[in-house]
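Structure record follows, encoded as C-alpha cells.
The values are calculated or read from the model by the stated rules, or taken from the named source; none is laboratory data. A quick note: this is a predicted structure, and the numbers were derived from the prediction, not measured. No Cβ is skipped: glycine too gets one built from the backbone with ideal geometry, and neighbour counts run over all protein chains shown. Surface areas here come from the heavy atoms of the whole protein model, side chains and all, with no ligands, DNA or RNA. Shrake-Rupley method; radii C 1.70, N 1.55, O 1.52, S 1.80 Å.
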Amino acid sequence: MIDLRSDTVTRPSREMLEAMFSARVGDDVFGDDPTVIALEEHAAAMFGKEAALFCPSGTMTNQVAINVHTRPGDEVICHKFSHVYYYEGGAIMRNSGASVCLLDGPRGQITAGEVETHINPDDIHRPVTSLVEAENTMNKGGGTIYKYADLEAISEVCRRHGLKFHLDGARLFNALAETGEKPGIYGRLFDSVSICLSKGLGAPVGSLLLGEKSFIRKARRVRKAFGGAMRQAGYLAAAGLYALEHNVGRLKMDNDRARHLGGLLATHPLVESVIPVETNIVIFTLKKKNGAMDFLARLKEHDIHAITIDPQTVRFVTHLDFSDSMLSQTESVLKTL
Ligand SMILES: *Cc1c(COP(=O)(O)O)cnc(C)c1O
C-alpha cells in the first residue's frame, strides 16, 4: 500500500519502538516521568524557550495556547484557512469562548499590514484583539513556507500593540529543512510555538507546546482541564525524543520527493494546476469539474491512497514511510491515468 493521505500515517520504526520499550517512566501528572521531562527540556532548548508541555495532539497544543493567551470574548486574528480555525472543530469558540477575525491572503499566509488593519480599536463595541496566529508550513496553502522577515514584521506589530503571537509549527521542521534556519530564531519570534511529533517526524502520538515558564505553568493547568494530562506518558515521550534526535535531518528527502511528484503532475494531462511545491505537501486541481473522487478511485485500484481538498482538488503528502521505490511506483501509475 502507498499511503499519501497524510504524514500522520507513519508507523514507529523498530528503533523507535525499542526506545519506547526501554523508556524510564513515572507519573507525569505528579511531574515525575523522567522521559517526559527529558523530551520537554530537549525541545525547549532547541527553540531557546524556557519550558515545554507534552500533549496528545497538535490540536491540543494549539488550543491550550489559545486558551492561555485569550479571555472569553477576545478575538484571535488568523487566516481563514488556518488549522486552528478551519480544522479544529470550532475549538477556539467552543473551548475558549473567543471570537476570530479571519484574514484572507494567498496560499494561507497573513501579512503584518493585514494584521495591523484588523486590530480592533479600544472601543467597548468591539471584541478585544489579543492574539495573532500564523501557521508554518501552511497546510491548506500547499505546505508553504513563510519568509522569516514576514513573520518578523508580524511579530513587530504584535509587540507594538501588546498582542500575543502563536506559531502553529506542526510542520515547521519541513520548512527548516528547506531554509536551513535554526529553530531558535522561531522561538525568539513567538510567545508560544506548537510542533507536532506525529507528522513528518514519525512518532505515533504527540505534540509539544513551547514558551516561557510562566506561560507553560498556565498551559499545564489548561491541559489538565482539557483532559490531556497523561500518566506513564514517558513511553510516548520516548518516541518523541527519538523522533527529534533521528528524524529531523531526513525531512529534506520528503520535500524532494514531493517536489518530484509536483513536477510530474504539472505536466499530467488530467491536471489543471499544481500549487508550487515548497515542502512535503502537493495540492493539485484537476481539469475535470468534480473529478477528484474519480481520480482517487483510479489511484486506489493500484493501492495508492490520497485525499481530496475539494471536489476538484487532491492532496498528496510525503513522509517517512514513503520511499523512493514507492515514488517510482506512483510515477508509473500516474503515467497510466
Ligand atoms: C496536523 C496539524 C495540527 C495538529 O493536528 P492533530 O491531528 O490534532 O495532532 C495542527 N496544525 C496543522 C497545520 C496540522 O497540519
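Assorted remarks:
- Residue that is surrounded by the fewest Cβ atoms within 10 Å (Cβ to Cβ) [pool: residues in segment 29-41 that are touching a residue at least 24 places away in the same chain (Cβ under 8 Å) and outside any helix (DSSP H, G or I)]: V29
- Residues (touching a His at 6+ places or on another chain (Cβ under 8 Å) and either open to solvent by less than 20 Å² (accessible area, probe 1.4 Å) or within 16 Å of the ligand (Cβ to nearest atom) (or both)) located in segment 106-119: G108, Q109, I110
- Selected residue (only one of E178, E152 is within 19 Å of P276 (Cβ to Cβ), assigned to a helix (DSSP H, G or I), away from the ligand (no atom under 16 Å from the Cβ) and within 21 Å of the chain's Cα centre (by Cα)): E178
- Filtering L299, L241 for residues that are assigned by TED's automatic domain parsing to the domain that holds E41 and assigned to a helix (DSSP H, G or I) leaves a single hit, L241.
- Taking segment 120-140 as the range and being closer than 19 Å to K164 by Cα and surrounded by 20 or more Cβ atoms within 10 Å (Cβ to Cβ) as the test, the residues that pass are T129, S130, L131, V132, E133, A134, E135, N136.
- Condition check for I185: of a type in the set (A, V, I, L, M, F, W, C), open to solvent by 10 Å² or more (accessible area, probe 1.4 Å) and either not in a loop (DSSP other than H, G, I, E, B) or not assigned by TED's automatic domain parsing to the domain that holds H79 (or both): yes
- Scanning segment 163-174 for residues that are away from the ligand (no atom under 12 Å from the Cβ) and either touching a Phe, Trp or Tyr at 6+ places or on another chain (Cβ under 6 Å) or part of a loop (DSSP other than H, G, I, E, B) (or both) gives L163, F165.
- The residues listed here are G48, G26; of these, the one that is on the phi > 0 side of the Ramachandran plot, in contact (Cβ under 8 Å) with a residue 60 or more places away in the chain and either touching a Gly at 6+ places or on another chain (Cβ under 9 Å) or in a strand (DSSP E or B) (or both) is G48.
- Here the condition is being over 27 Å from K80 (Cα atoms), away from the ligand (no atom under 13 Å from the Cβ) and at pLDDT 95 or above; of R160, R231, R223, it holds for R231 alone.
- Residue selected from segment 51-109 under the condition among the acidic types (D, E) and part of a loop (DSSP other than H, G, I, E, B), by the criterion farthest from D123 (Cα to Cα): E88
- Cβ-Cβ contacts under 8 Å between residues 6 or more apart (or on different chains), taken from a first residue in segment 166-186 that is of a type outside the set (S, T, N, Q) to a second residue that is within 15 Å of the ligand (Cβ to nearest atom) and at pLDDT below 95, are listed as R171/G200; F173/G200.
- Residue selected from segment 42-85 under the condition within 11 Å of the ligand (Cβ to nearest atom) and over 21 Å from Q109 (Cα atoms), by the criterion least open to solvent (accessible area, probe 1.4 Å): C55
- Among all positions in segment 7-16, there is at least one residue which is charged (D, E, K, R), in contact with a Gly (Cβ under 8 Å, 6 or more places away or on another chain), within 16 Å of the ligand (Cβ to nearest atom) and open to solvent by less than 20 Å² (accessible area, probe 1.4 Å).
- Here E88 meets the list (1) farther than 30 Å from F322 by Cα; (2) acidic (D, E); (3) within 16 Å of the ligand (Cβ to nearest atom) almost entirely, failing just condition (1).
- The set of residues in segment 110-149 being hydroxyl-bearing (S, T, Y) and assigned to a strand (DSSP E or B) consists of T129, S130, T144.
- Only one entry in V282, V317 is touching an Asp or Glu at 6+ places or on another chain (Cβ under 6 Å), β-branched (V, I, T) and either modelled with pLDDT under 95 or surrounded by 22 or more Cβ atoms within 10 Å (Cβ to Cβ) (or both), namely V317.
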